[in-house]
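Reviewing the structure listed below.
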Amino acid sequence: MLMYVRLTQMREGERGIVVDIHGGHRARQRLLGMGIAPGTKIVVVKSGRPGPYIIAIGNTRIALGQGVAEKIIVRREL
Amino acid sequence: MVSCCSVEKVPEEKKESLKVIALAGNPNVGKTTIFNALTGLRQHVGNWPGVTVEKKEGIMKYREKEFLVVDLPGTYSLTANSIDELIARNFILSGNADVVVDIVDASCLMRNLFLTMEIFEMGVKKVVIALNKIDIARKRGVRFDVKKMEKILGVPVIPTNAKEGAGVEELKRVIANMAEGKITTNPVIPVYEEPIEREIEHISSLLRGTPLEEMYNIRWLAIKLLTRDQEVIKLVLNYLGPGKMDEILKHISELEVHYKRSLDIVIANQKYEFIDKLMHQFVIHFGEVKETFSDQIDRVLTHPAYGILGLLGVFYVLFKFVFTIGTPMQEFLDNTFASFGEFVAGFIGNEAVRGLIVEGVIGGVGSVLSFFPLVFLLFIAMSVLEDSGYMARAAVVMERIMRKFGLPGKSFIPMVLAFGCNVPAIMATRTLEDERDRILTMLINPLVPCSARMVVITFLAGAFFSDHKALMAVSIYAISLFLALLSALILGKFVIKGEESPFVIELPEYSLPSWKVAVVHSWERSKEFLRKAGTIILLGSVAIWYLSNYPEPIGSGLSYAEKLGKVFEPFTMLMGLDWKAAVSLIFGIIAKENVIATYGIIYGIGESEEALISLMQSAMTGLQAFVLALVTTLYIPCIATIGAIRAEGGNKWALVASAYNLMLASAVGVLVYNIGLLLGF
Ligand SMILES: Nc1nc2c(ncn2[C@@H]2O[C@H](COP(=O)(O)OP(=O)(O)O)[C@@H](O)[C@H]2O)c(=O)[nH]1
Ligand SMILES: [Mg+2]
């Protein structure tokens, strides 16, 4: 199983740590601004095309569109 | 090296007056709840200077001493990428706060401490941390050693459960003591990897000795330069000149090559690692992220199909609530002002003065105030939607649909509110972080028919299309909504260009809204509406009174209003509308329901609806009535709406909106009329 995947490739219930954010300045700044940065621990709450994807960071939940979710690279935690 | 900019820059007169307490924190941490607990709802809602972000201030009392509490916008970090972040950042930088209360969510501490670290990095020393939602954290099995946390972070930490009020007294005590200088602190500063630290030191050495050192924390400036913060680059350029700035930028590029990414990511990453290490020292048990009931609801409510059904249901209930209560109140106020006007008229001999006061002033104030219940109720509905957490879900559901028209899902809310009244709807565009999205949403908003236009549409539908009333009304609504979305596409492409914002939105946990808070907050917002829109409506209604009474009263054919109507007639005839319609449309700018009332005045029959219907039926075809309803819906927004756009977006956009709507209405009016003629209607 791949360790490094796009957020869109994670299944519901899987855990991981954000390792990188691709994409332009704007998307990156927006994600960093929401507290999604390399080092952030996440749990996937809802997944599947065409989105929204929902992730949990601690007790908070964040919904992401397909486009943004593809830019987030996650290291799976088994 | 770390000099605290916050104390030095307090203006002299401020020192004498109240000490200022600023509340900072991520969105949804409970900032508003803590603000309410500290100030006991003694508060005032206004705007931050120059922008439309809401500013809340209140007075906190502790042992007979008063403090001014300022609620900063909720932000996750303090970059220069959104108005909210800039406001919070500039306020903290300005040094106007005697104490910064950093509210963190204990159940999501890691992400929240990111902002804390940014505040510490700015060199702010007088910080109190409110460890809020401690109840939720405990329930999830998270355990803290608060004493140790205080030692490691270097500032007081007060566990609170703002919802129940637990810990709030202690928080007040610590804030008061800190404001009076009785508590010393030593905030921890994040340390980065060697290459970054070396560059921070290098940049700092260039900045030392410049006037910047007096005003800002040098280390903070250096870190912000590394992340290519546009505001800080501009600031530093002023003091260092382009030569040294280029040198700095060259170093930054080299470092970016070294890390193979931009440094904002690298620094954020290392900051998180630093926070992680800190947390391991004071968090005894981390707890688990468990699926909550909220998550299960969300799978349904954000579902592409069920989500839409849920949305329809919620908004049906919302409008039912607003109109069931609001319409009778509106009618009551209307009648009250009408009788009050008649009552006053009896005391004024001079005809001109009587007209001015009764029709101009009392009529004007009346029409402003009769808006009030509807606006207030819509604000309450909105507040309840926000506080319950549903608003974010609605945005998620609508995202894919709205995106097809170049709008974010969130812009759906102002569009829905517009069915009630465009004024609160336009004020609601504030919730859109992105400038482009906000302006675009504002510009198309007037095209959504509000309840005043519903009055005109249903009147004309009833008078001219008795067999197909609903069909006629629905087609007007459909055409205008279609045009609103089409306009979003076109304006988004050609007038307000710019990249679409990426879709990321926090889903707050569902919760029962507090009625008290909703009422207080909506009351403050509605008062703001009265202040802003009130004057312009009042002036407008005085103008209309004048136009329709001079030099001769309307109905004589000699009034300025009628003359104006005849000037426009050649133009409106292109869509089959005579001078009477032109006059009515002009008066409709004050309030759209005037369109019908004006016909009554021109025919000189006052309020009798049957008489008006039969007179209009003999003067107009069904096609003309249809065009009139359509044009009434589309042309220049009413004065209150223009006022709201002006308040939220400035003169330029108020003008653009008016001009665009007028052009659109003319084009559509001419088109529909002529196609209608061709089809033999
Ligand atoms: N369980 C719990 N809920 C809280 C606490 N503080 C705030 N809340 C709830 O969290 C939600 C967000 O609070 P609010 O004050 O609006 O957050 P803001 O966005 O930071 O202003 C509301 O539903 C509050 O009732 C707390 O200490 N414990
Ligand atoms: Mg709030």
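Bear in mind that the values in this text are calculations on the coordinates, not laboratory data. All values reported here derive from a predicted model rather than from experimental measurement. Positions of Cβ are backbone-derived with ideal geometry, glycine not excepted, and every protein chain shown enters the neighbour counts.
Structure data summary
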| item | result |
| --- | --- |
| Cα-only radius of gyration and Dmax that characterise chain B, units Å | 29.3, 87 |
| Cubic angstrom per residue, convex hull over Cα atoms of region B:194-286 | 114 |
| For B:508-514, mean number of other protein chain Cβ atoms within 10 Å | 1 |
| Value at 222 nm in deg cm²/dmol, rounded to 500, when DSSP H runs of n ≥ 4 in chain B each add -39,500 (n - 2.57) | -20500 deg cm²/dmol |
| Nonlocal amide H pairs with residue B:130, under 5 Å, H built at 1.01 Å | B:102, B:103, B:104, B:158 |
| Dipole magnitude of region B:194-286, debye to nearest 20 (Cβ charges: Lys/Arg +1, Asp/Glu -1, about Cα centre) | 100 |
| Under 5 Å, built H, 5+ apart or other chain: amide partners of residue A:45 | A:13, A:54, A:55, A:56 |
| ³J(HN,Hα), Karplus 6.51/-1.76/1.60, whole Hz, each residue of region B:383-390, x for Gly, Pro | 4, 5, 4, 5, 5, 6, x, 6 |
| Chain B, relative contact order [Cα under 8 Å, separation at least 6], % | 10 |
| Calculated [θ] (222 nm, deg cm²/dmol) that DSSP helices of n ≥ 4 give over chain A, each run adding -39,500 (n - 2.57) | -4000 deg cm²/dmol |
| Solvent-free Debye scattering, log10 I(q)/I(0), computed from the Cα coordinates of the protein assembly as shown at q = 0.06, 0.07, 0.10 Å⁻¹ | -0.44, -0.58, -1.05 |
| Coarse-grained scattering of region B:517-556 at q = 0.16 Å⁻¹, given as base-10 log I(q)/I(0) from a Debye sum over alpha-carbon atoms | -0.55 |
| Residue mean of other protein chain beta carbons inside 10 Å, B:292-304 | 3 |
| Region B:77-184: trypsin sites (Lys or Arg not before Pro) in DSSP loop, at most 15 other beta carbons within 10 Å | B:182 |
| Test item: A:38-50 mean partner chain Cβ contacts at 10 Å | 4 |
| Qualifying GluC sites (Glu not before Pro) for region B:555-644 [loop in DSSP, other Cβ within 10 Å: at most 16] | B:607 |
| Dipole magnitude (debye, nearest 20) for chain B, charges at Cβ of Lys, Arg, Asp, Glu | 660 |
| D (Stokes-Einstein, µm²/s), Kirkwood Cα radius, region B:308-444, 1.567 mPa s at 4 °C | 76 |
| Reach of residue B:563 by Cα under 14 Å, taken over aspartates and glutamates that are not fewer than 8 positions away in the same chain | B:552, B:578 |
| Nonlocal amide H pairs with residue B:59, under 5 Å, H built at 1.01 Å | B:42, B:69 |
| Contact order normalised by residue count of region A:4-77, Cα under 8 Å, 6+ apart, percent | 45 |
| Contour minus Cα-Cα distance for residue B:569 and residue B:652 (0.36 nm per residue) | 27.0 nm |
| Net charge of neighbours whose Cβ lies under 15 Å from the Cβ of residue B:547, counting Lys and Arg as +1 and Asp and Glu as -1 | 0 |
| Nearest 10 degrees, 0 to 90: helix B:579-588 Cα axis against chain B principal axis | 30 |
| Candidate lysines - alpha carbon under 25 Å from residue B:516, same-chain residues fewer than 8 apart omitted | B:31, B:55, B:56, B:61, B:133, B:163, B:172, B:320, B:527, B:532 |
